[in-house]
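*Asks:* Got a structure for you, questions after.
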Amino acid sequence: MLRSRSGTPSLGDIEQVYRSRFDEYRRVATAIVGDADRARDAVQDAFATAVRKRAGFRGEGPLEAWIWRAVVNTALNQLRAAPRELPGYDRNGDTPHEDADASELRGTLKLLPERQRLALFLRYYADLDYATIATVLEISEGTVAATLHAAHGSLRRRLEEVQL
């Protein structure tokens, strides 16, 4: 990383993260806001904020985790500012061109609490480790494990109910 002596990430540091992880940031933002265009805007806005506020980076964790937090917060703010049907769904809870199983899974995901959904998105859409998820969600690693465990249990129970 090309950090200055003060610990502030350089523009090159931020650009490197942007170029290497953009698709993952966009994928998670899309899962949160439910629309690829809004997700791209959220990622762009988050990186613009990271550039403007880079002096506020304290270096207590990886730069990438700090940017993840900005992306998640920006996507959540967009979702709250312009609520629609739940992300990625039409009024019937379906997404265009998906099979019944994917539709059931999406419907079940929308019933989870926000923290559980975010933990799942960060773990499985972005393939982040527990430490990075903990930093992004501002919780402990143990809470990440418990949150994912609870989410898996809820999904399992709800999907079993649907199949009965």
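*Asks:* Of all the residues that make up region 29-74, how many are touching a residue at least 12 places away in the same chain (Cβ under 8 Å), open to solvent by 40 Å² or more (accessible area, probe 1.4 Å), in a helix (DSSP H, G or I) and not β-branched (Val, Ile, Thr)?
*Replies:* Residues that pass the stated criteria total 9.
*Asks:* When ASP23 is evaluated against the numbered criteria (1) farther than 12 Å from ALA75 by Cα; (2) within 20 Å of the chain's Cα centre (by Cα); (3) surrounded by 11 or more Cβ atoms within 10 Å (Cβ to Cβ), which criterion, by number, is the only one it fails?
*Replies:* Single failed check for ASP23: (3).
*Asks:* Just checking, which of LEU79, LEU122, LEU111, LEU86 is in a helix (DSSP H, G or I), at pLDDT below 90 and within 16 Å of ALA31 (Cα to Cα)? I'd like the intermediate steps shown before the answer.
*Replies:* On the way: LEU122 fails: at pLDDT below 90; LEU111 fails: in a helix (DSSP H, G or I); LEU86 fails: in a helix (DSSP H, G or I).
Checking each option against the conditions leaves just LEU79.
*Asks:* Something else about it: When you go through (1) of a type in the set (A, V, I, L, M); (2) open to solvent by less than 70 Å² (accessible area, probe 1.4 Å); (3) not in a loop (DSSP other than H, G, I, E, B) one by one for LEU105, which number turns out not to apply?
*Replies:* Condition not satisfied by LEU105: (2).
*Asks:* Spot the failing condition for HIS149; the list is (1) of a type outside the set (Gly, Ala, Ser); (2) assigned to a loop (DSSP other than H, G, I, E, B); (3) modelled with pLDDT of 95 or more, and only one is missed.
*Replies:* HIS149 satisfies all of (1) of a type outside the set (Gly, Ala, Ser); (2) assigned to a loop (DSSP other than H, G, I, E, B); (3) modelled with pLDDT of 95 or more except (2).
The values are calculated or read from the model by the stated rules, or taken from the named source; none is laboratory data. No experiment lies behind these values; they were computed from the predicted model shown. Neighbour counts are summed over all protein chains in view; Cβ atoms, including those assigned to glycine, are modelled from backbone coordinates with ideal geometry. All accessible areas refer to the heavy atoms of the entire protein, side chains included, with ligands and DNA or RNA removed. Shrake-Rupley method; radii C 1.70, N 1.55, O 1.52, S 1.80 Å.
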